Amino acid sequence: MGTHEYIEDPRNKSVLISINGDLFPREEAKISVFDAGFLLGDGVWESFRLHEGNLVFLEEHLDRLFMGAKSISLSIGRNREEIIREVERVIEANEMEDEVHIRLVISRGIKPTPYQAPWVISSIPTMVILPEYKKANPVRLEIGISLVSVGIRRGGPEIQDPRINSLSKHNCISACIEADVKGGDEGLMMDPHGFVSTCNSTHFFMVKGGEVWTSTGEYCLDGITRSKVIQLCRENQIPFKLCNFTFEDVHSADEAFVTGTFAGLTPVNSFDGTTFGDGKRGPICERLQNLYIDLVNGD
């Protein structure tokens, strides 16, 4: 499972899930087969971490949620305060405090018939809040994951805007499948021009000569953790650049790591069979991991 490898928690069997404000035990939480999210992948989503009673970087996640909804002409039907209140109500109902991962899904709603047109709809948007006790496997934070190059590319906004957290994830799923066939934990994807863009479920960084490199961000999701790492580099005099680079550049990197909301920073131990350093976490990744933990604790 790579960066999403987690420690099983039996409490998840009995969590309460919110569907449009109603709470259901996990086994009873269901949506209609006519829901636009199920039929068409028509909607947006976000994930949050609950850390010591605090929803980490909540405002940034909500900014991205509303930006994505606006870009696909989806009126969520709730304001920020209403969404926050419902998320907090779900947390309280489950008596959760720490090491919790929350998935917020908003689809366009229920359709009267299976049909693509977004204005053919017969309900308010569907909002699902799914909390889980979810702790990343700490071993991965040291030994890392293996990446492989994949042929599936991130498209431009004229195909499907890669900067949106869309429910339609076929592009990334195809890359994930290809990576698995090649024996990698995740797939490193190119943009339409042949430059490194992102991984199928995380953002990619590499270190070369003491300098942190990452893509320009034009063809990847506007990652919250990615932006925090860039911020930490700026604030701590760690040289970095947003640039175009190739798979060949990655092969010659000194170290690499990926970022995401769930696991934070995870080192990359190899790329297409080329091992980075001694095959474990590099010094800059470790430093940024510690700085990121401090940032989360201080949020």
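A few notes on this one:
- Candidates Ser75, Ser71, filtered to the one that is over 24 Å from Arg49 (Cα atoms) and under 19 Å from the mean Cα position of the chain (by Cα): Ser71
- Among the candidates Val120, Val128, Val105, residue that is modelled with pLDDT of 95 or more, surrounded by fewer than 16 Cβ atoms within 10 Å (Cβ to Cβ) and not assigned by TED's automatic domain parsing to the domain that holds Thr259: Val120
- Some residue of the stretch 249-262 being surrounded by 15 or more Cβ atoms within 10 Å (Cβ to Cβ), polar (S, T, N, Q) and assigned by TED's automatic domain parsing to the domain that holds Asp180: yes
- Checking the stretch 243-250 against the condition returns a match, with at least one residue being closer than 22 Å to Arg140 by Cβ and in contact (Cβ under 8 Å) with a residue 40 or more places away in the chain.
- Some residue of the stretch 4-23 being assigned to a strand (DSSP E or B), closer than 30 Å to Gly183 by Cα and either modelled with pLDDT of 95 or more or within 20 Å of the chain's Cα centre (by Cα) (or both): yes
- Pair list, Cβ < 6 Å and 6+ apart or interchain, from the stretch 110-138 residues that are more than 30 Å from Ser14 (Cβ to Cβ) to residues that are among the aromatic types (Phe, Trp, Tyr) and in a strand (DSSP E or B): none
- There is no residue in the stretch 78-89 that is surrounded by fewer than 20 Cβ atoms within 10 Å (Cβ to Cβ), in contact with a Pro (Cβ under 7 Å, 6 or more places away or on another chain) and not in a helix (DSSP H, G or I).
The values are calculated or read from the model by the stated rules, or taken from the named source; none is laboratory data. Just so it is clear, the structure is predicted and the values come from calculations on it, not from any experiment. Counting neighbours? That spans all protein chains shown, and the Cβs are built from the backbone with ideal geometry, glycine included.
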